[in-house]
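Take a look at the structure set out below.
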Amino acid sequence: MPIPMVCDQLCGRKKIGGSPKTLRRWVRHKEIDLGKRAGVTSEEQARIRQWPHKIEPPEIPGQFS
């Protein structure tokens with residue numbers, strides 16, 4: 001059975017919380033993590049979130065502010 005139909009059935013019967021769209025997103029993200037679909041993995045996303053939000057330019061010796 002295609003994934004969208006399973007998602008609609010599970011969410012429609014309230015077997016799990018959320019909407020069919022949410023479940024499809026979970027399945028798509030799991031496929032990315034397993035390498036079956038192109039995209040940014042959960043591990044890469046976590047690493048990106050740890051990057052500094054503001055990147056300061058490097059200091060140049062002798063430069064006045």
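What to note about this one:
- If you plug the beta carbon distance of GLU43 and THR22 into 1/(1 + (r/R0)^6) with R0 = 22 Å, you get a FRET efficiency near 0.55.
- Packing-based order for 51-62, 28-39, using average beta carbon neighbours within 10 Å, highest first: 28-39, 51-62
Every read-out reported here was derived from the displayed coordinates using simple, explicitly stated rules and does not represent laboratory data. Model, not experiment: these values are computed from the prediction. Because the Cβ atoms are built from the backbone with ideal geometry, glycine has one as well, and the counts that use them run over all protein chains shown.
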